[in-house]
Each structure stands twice: as structure tokens, then as C-alpha cells.
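Data first, discussion second: the structure below is written as C-alpha cells.
The values are calculated or read from the model by the stated rules, or taken from the named source; none is laboratory data. Because the structure is predicted, anything quoted here is derived from the model rather than measured. All Cβ positions, glycine included, derive from the backbone under ideal geometry; neighbour counts span all protein chains shown.
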Amino acid sequence: MAIHRASLPLGDEHARSGLRPAVQRCRRCGIVIGYGDRCDFCLDRPSDHADAPGEYVGRHHTEWISTVEALIGDEDLDGAEFLLWRLVEATEAESLLAGVPPLEQHFRRLRWIATKRGDAVLARKLTERYEECKAAAARLT
């Protein structure tokens, strides 16, 4: 049975509303993991690995979605924005190579961050960038 008193160490921590458990991330690549210091991929990945189109740090751009959501949940918008720019580049490269539309979620999250910061120009440019990439991919098919 759990005891909750403010006099106990960290007693107030459990009483605060909105307290979220810390998310574990790989110390090498930063992707969300369940346990350990590094993800299984980073343990086996050589340091001179070159990313293929659609990848960032050796992982497909869709594998980073939970990490982006964790960064936003931790209110680390700078970290989320940095990662999202890399994911936008990866999805654009994959889109232009495969001739499929890019994943809109990365663009949408970046637009959300830009809007939250009051940067309407960047939000508009991201919409245009997505539409241009989608049109370019459609021309390849």
C-alpha cells in the first residue's frame, strides 16, 4: 500500500496534477525506448552509417513519431522542431525517390509549432513546401 504524506521525500511530487513520467530515450540517437541506455539498433549500428532516403540516424522517419510526441509532451519545442526538420527532409527524399506523397504529419507538426510561436510566414511556407513535394512526387508516377 502506498503511503502519501507531504513530509515524506518527494511526497508533493505525487500530489501535483499533470505530472508525467519521464520518457526514456536512447542516449545515442534519441528515439523513445522502453528501457536501457541505447536502442537495439544503435547497439549494432556502426558509427559510419549513411542514411538512406527516408531515414534519419538509421531509422525510418515514421519510427521517430513517438519521439516527436514525447518531446512536445515534455514541452521541448526546440528539440521537436530540430528533429522535425530532419524528418521533413527524410520524407521528402523518400517521396521523390519512390514517387509517393510525403508523410504530412511531420509538416503538420512543424506548422503547429510555428503557429504556436506566432510565425504565420513559416506555417504558410511549410504548407507550400508540402504541396510542392506532393506535386513533384505525382509527376514521377
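Annotations for the structure displayed:
- Some residue of segment 59-76 being farther than 18 Å from CYS26 by Cα and surrounded by fewer than 14 Cβ atoms within 10 Å (Cβ to Cβ): yes
- If you check LEU43, LEU19, LEU103, LEU97 for being surrounded by fewer than 19 Cβ atoms within 10 Å (Cβ to Cβ) and modelled with pLDDT of 90 or more, only one passes: LEU97.
- Residue within segment 81-95 that is among the hydrophobic types (A, V, I, L, M, F, W, C), within 22 Å of ALA137 (Cβ to Cβ) and more than 15 Å from the chain's Cα centre (by Cα) present: yes
- Any helices (runs of 4 or more DSSP H) falling wholly within segment 48-126 and containing at least 3 residues that are more than 20 Å from VAL23 (Cβ to Cβ): 77-98, 104-116
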